[in-house]
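Just below is one structure, and these are the notes that go with it.
Read-outs throughout are calculated quantities, based only on the coordinates presented, and are distinct from any laboratory measurement. Quick caveat, the model's predicted, so the values are computed rather than measured. Here the Cβ is made from the backbone with ideal geometry for all residues, glycine too, and neighbour counts use every protein chain on show.
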Amino acid sequence: AAGRASDQDSGGGLLKVVVAIGAIGWVDICRLTRAQLLTLRQKDYVLAAKAIGASPLQIAVRHLLPNALAPLIVAITLGVPAAMFTEAGLSFLGFGINDPLPSWGKMVADSNSYIRVYWHLGLFPTLMIAITMLTFSFVGDGLRDALDPRTNKS
């Protein structure tokens, strides 16, 4: 049991951070899903499927799910930078991932005491946070453009 307690002390913050970020992030995804499904239920093709006697499961699998997936995939892709920024911020403030596990926010926080001499210790983790967040944002924008049926693909 003593070895197990030391395992939790070394890096035990990871589970707490994941749960905290997940607890806040899922609400937006659920809200978007609900709005999408409420909108799609009123579409003519769903009403036509109901009129010809399709079961609710058939309507959900053939009509609602495929049309609701694209915005959800984009929202999740765009939500990753927000989760990364939250984790980096929590780690920077000391509430995030514990020492044995690497975190860019923790690296920036640790570099604060050496900033005058070793300025690059804080610069490179900060640049990596920015580059990674921008990459996910660009991928999300690209997915939105590719999966949006209203865009002109000619």
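What distance in nm separates the simple spin-label points at residue 48 and residue 72, each placed 7 Å from Cα in the Cβ direction?
Those two pseudo-labels are separated by 2.4 nm.
Reachable aspartates and glutamates from residue 16, Cα under 19 Å, same-chain residues fewer than 8 places away excluded?
7, 87, 99
So if a site counts as exposed when it's one of the trypsin sites (Lys or Arg not before Pro), its DSSP state isn't H, G, I, E or B, and it has at most 13 other Cβ atoms within 10 Å, what's the longest stretch of the chain without one? Mind dumping the intermediate values first?
Values: sites that count: 43, 116, 150, 153.
My reading of the result: 44-115 is the longest stretch.
Which of the helices in the chain meet the span-like rule: DSSP H, Cα axial reach of 30 Å or more, Kyte-Doolittle mean at least -1.0? Could you put the intermediate results ahead of the total?
Numbers: long enough: 13-41 (42 Å, 1.14); 65-93 (41 Å, 1.51); 120-147 (40 Å, 1.12).
Length and hydropathy pass: 13-41, 65-93, 120-147.
Putting +1 on Lys and Arg Cβ atoms and -1 on Asp and Glu Cβ atoms, find which of 83, 14, 111 reaches farthest to the positive end of the dipole of the chain.
Of the listed residues, the answer is 83.
Please compute, for the alpha-carbon atoms of the chain, the extent along each of the three principal axes and give them in descending order in Å.
Extents along the principal axes: 71, 49, 18 Å.
With springs only between Cα atoms under 10 Å, which of 91, 137, 113 fluctuates most in a Gaussian network model of the chain?
Result for the chain, Cα springs under 10 Å: 113 fluctuates most.
GNM, the chain, Cα, under 10 Å: largest mean-square fluctuation among 44, 99, 28?
Looking only at 44, 99, 28, the biggest GNM fluctuation is shown by 44.
Based on the mean of other beta carbon atoms within 10 Å per residue, what is the order of 17-27, 123-133, most packed first?
On the way: 17-27: 13.2, 123-133: 15.1.
Packing proxy ranking, top to bottom: 123-133, 17-27.
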